[in-house]
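The block underneath contains the structure these notes are about, expressed in structure tokens.
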Amino acid sequence: MDLYDWLVFLHVLSAFVAAGALTALWALIFGSRSASPILAPDSAIGFGRVGGILVGAGMMGALVFGIWLAIDVDGYELWDAWILASLVLWALSVWAGTAAGKAFAGDPVGGRRAGIRFQALNSVGVLVILVLMIWKPGA
Amino acid sequence: MLAAIRPDSVNLPLFLHVLGAMLLVGSLLAVALATALGWRRSDDAAGLSRFSLLTLLYGVVPSYVLMRIGAQWTEAEQSYPDDFDPAWIGIGYVTADAGALLTIVSVVLAIFGLRRLRRGDGIRLARTVGVISILLLAAYLVAVWAMTAKPM
């Protein structure tokens, strides 16, 4: 494996960790509906904490290895429109994810609606980044 | 560069394949995480077991189907020659097919586990499903490596 192979692998693996942990957090949201919660509050908080850490680690890894790739590969530049759009969406997603974590951790019941809204924003951002990574408009 | 060597018709099936794979990994992660937490929190082991088994049924199964259909569609759109048989596609098939088998076993265990949980039992079945999920996560880590590094 050369450097390019390693960078692609670590970039995609980081994206899988972030998107996977986001999916796990959606499972937690469905599993802790206030009408019929499956999980005890302590379990939900423990699950959410690990999920949040994994989302953060995955997002950070995807950014670092993605920028490294854009610099390393001759065909891509950091100022390509689809890469710039991805960076803006990355920042928006991280902001929304942080806000979701704060809303859920601050008040799991009262902050639930706001937390779900921010979590949805975070997820849509990651989904659009995936679309940009596959289609690479303008590349 | 990658976009230049990939036909546009591949993008949609590839997107569905990757999206399905991400949802699959996430659902398996939720099952594994709930199982691990259940080992540490015996007071909520039943709730965590129920959560992990329901996540397996409602999350893992549909995302596996999306990933697998996307993979087959992507390969069809790539129009590879008949003698094109690289190791990375082989690794993908092996992990997907072995994953299907283990997922079917997990579904059966989950159905029995959920029934037993209603009677106050079934935690051991949920933990078995959790261990299978960890094995599947390890297998899919290898698959992600194969799909990205593309060993010939």
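Just need the relative contact order of region B:1-113 here, percent rounded to a whole number, with Cα pairs under 8 Å and 6+ apart.
Taking the mean separation of contacting Cα pairs over the length of region B:1-113, I get 36 percent.
Apply the Debye scattering formula to chain B, with a single equal point scatterer on each alpha-carbon and no solvent, then give log10 I(q)/I(0) at q = 0.10, 0.13, 0.20 Å⁻¹.
Cα-only, vacuum Debye calculation for chain B: -0.40, -0.62, -1.13.
Could you check the simple spin-label distance between B:Y93 and A:A35, using points 7 Å along Cα→Cβ, in nm with one decimal?
Rounded to a tenth, the inter-label distance reads 4.6 nm.
In a GNM of chain B with a 10 Å cut-off on Cα contacts, which of B:A36, B:A126, B:A71 has the highest mean-square fluctuation?
Checking each option, the largest mean-square fluctuation is seen for B:A36.
Which whole-Hz ³J(HN,Hα) couplings does region A:120-137 yield from phi under the Karplus relation 6.51 cos²θ - 1.76 cosθ + 1.60, θ = phi - 60°, glycine and proline marked x?
Taking θ as phi minus 60°, the curve returns 5, 4, 4, 5, 5, x, 5, 5, 5, 4, 4, 4, 5, 5, 7, 7, 6, x Hz for region A:120-137.
Note down the relative contact order for region A:26-102 as a percent, whole number, built from C-alpha pairs under 8 angstrom at least six residues apart.
20 percent
Please give, to one decimal in nm, the separation of the simple spin-label points placed at A:D5 and B:Y80, each 7 Å out from Cα toward the Cβ.
Output for this residue pair reads 1.6 nm.
Apply the a/c threshold of 1.5 to the C-alpha gyration tensor of region A:3-135 and tell me whether it is rounded, prolate or oblate. It would help to have the intermediate numbers written out before the result.
Working: a/c = 2.99, a/b = 2.21, b/c = 1.35.
Prolate.
Taking +1 at the Cβ of each Lys and Arg and -1 at the Cβ of each Asp and Glu, which of A:L54, A:V73, A:S86 sits farthest along the dipole of chain A towards its positive end, judged by Cα position relative to the Cα centre?
A:L54
Quick one: dipole size for the protein assembly as shown, taken about the Cα centre, charges +1 on Lys/Arg Cβ and -1 on Asp/Glu Cβ, in debye to the nearest 20.
For this selection, approximately 1780 debye.
Can you compute 3J(HN,Hα) from phi for each residue in region B:122-132, using the Karplus curve 6.51 cos²θ - 1.76 cosθ + 1.60 with θ = phi - 60°, rounded to whole Hz and x for Gly and Pro?
x, 5, 5, 5, 5, 5, 4, 4, x, 5, 4
By count of other Cβ within 10 Å, fewest leading, how are B:F112, A:F65 ordered?
Ranked by crowding around the Cβ, least crowded first: B:F112, A:F65.
Let me spell out the model: positive unit charges on the Cβ of Lys and Arg, negative unit charges on the Cβ of Asp and Glu, origin at the Cα centre of region A:3-135. What dipole size does that give, in debye rounded to 20?
800 debye
Using 10 Å bins from zero, what percent of all Cα-Cα pairs in the protein assembly as shown falls into each bin?
6, 28, 33, 23, 9, 2, 0
In what sequence do A:M133, A:M1 fall when counting other Cβ within 10 Å, fewest first?
Values: A:M133 20, A:M1 13.
Lowest count first: A:M1, A:M133.
If neighbour count is taken as other Cβ atoms inside 10 Å, put B:V60, A:V12, A:V124 in order from fewest to most.
In order of increasing Cβ crowding within 10 Å: A:V124, A:V12, B:V60.
Only the coordinates and a few stated rules stand behind these numbers; no lab work does. These figures come from a predicted structure and were not determined experimentally. Neighbour counts are summed over all protein chains in view; Cβ atoms, including those assigned to glycine, are modelled from backbone coordinates with ideal geometry.
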